[in-house]
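Student: Below you will find the structure I want to go over with you.
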Amino acid sequence: MKPLNSICLAIASAAIIATPVLAADQQEPATVSAEVAQIRSEQASVRGDWPEATRLDEQSYRESPSISNEFNLATDYTRTGQPALAIPLYQDVAEHGGDRTAGAVYNDRTQASPPRERFNYAEEAVRRLDAMTDRQVVQARYYGVH
């Protein structure tokens with residue numbers, strides 16, 4: 001096996017092994033490259049490198065559309081000053097997020113609120129829309145979550 005092939009195999013193997021820890025709440029990505037993009041995007045988000053997170057989440061969403069990828073991309077667009085792109089994504093997550101939850105990678109709330117370990121995608125999308133549009137957003141009915 002050539003050295004380059006060995007390196008690529010090692011990277012792909014590491015991504016597959018690390019995925020259950022880093023992205024346990026997300027649907028299975030369609031490709032290894034989408035999976036690697038998700039992991040790298042999380043790392044960029046934690047560093048505050050929102051342009052890089054945006055680029056990686058756009059790739060991941062193209063290859064493996066899901067509620068979690070859509071929510072992450074909307075967050076990236078908000079953090080990079082592109083609310084016109086974020087709003088329709090958050091609206092879709094609010095409508096279709098249902099009772100899906102995820103572990104919080106970082107605390108997006110103000111310092112007055114305690115950090116959360118988990119959040120509901122639909123409820124958080126509605127909260128963010130409300131804050132972005134400075135108006136009340138009618139909350140859709142979510143499988144028993146109000």
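The values are calculated or read from the model by the stated rules, or taken from the named source; none is laboratory data. Every value quoted in this text rests on a predicted model; they were computed, and no experiment measured them. Please note: Cβ atoms are built from the backbone with ideal geometry, for glycine as well, and neighbour counts cover all protein chains shown.
Student: Would you check which residues across segment 62-75 are among the acidic types (Asp, Glu) and more than 15 Å from TYR121 (Cβ to Cβ) and list them?
Tutor: Matches in segment 62-75: GLU63 only.
Student: Contact list please: Cβ distance under 9 Å, first residue in segment 50-66 and in contact (Cβ under 8 Å) with a residue 60 or more places away in the chain, second residue surrounded by fewer than 22 Cβ atoms within 10 Å (Cβ to Cβ) and assigned to a helix (DSSP H, G or I), pairs at least six apart or on different chains.
Tutor: Pairs that qualify, where the first residue is in contact (Cβ under 8 Å) with a residue 60 or more places away in the chain and the partner is surrounded by fewer than 22 Cβ atoms within 10 Å (Cβ to Cβ) and assigned to a helix (DSSP H, G or I): there are none.
Student: Okay, moving on. Going by what's in this entry, would SER41 be described as in contact with a Pro (Cβ under 6 Å, 6 or more places away or on another chain) and over 13 Å from GLU124 (Cα atoms)?
Tutor: Answer is no for this residue.
Student: Take ASP25 and tell me if it is under 26 Å from ARG128 (Cα atoms), modelled with pLDDT of 85 or more and touching a strand residue (DSSP E or B) at 6+ places or on another chain (Cβ under 8 Å).
Tutor: No; evaluated as a whole, the condition is false for this residue.
Okay, residues lined up against (1) part of a helix (DSSP H, G or I); (2) at pLDDT below 90:
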{"position": "ALA44", "(1), (2)": "yes, no"}
{"position": "ALA53", "(1), (2)": "yes, no"}
{"position": "PRO65", "(1), (2)": "no, no"}
{"position": "PHE71", "(1), (2)": "yes, no"}
{"position": "TYR77", "(1), (2)": "yes, no"}
{"position": "LEU85", "(1), (2)": "yes, no"}
{"position": "ARG109", "(1), (2)": "no, yes"}
{"position": "PHE119", "(1), (2)": "no, yes"}
{"position": "ALA140", "(1), (2)": "no, yes"}
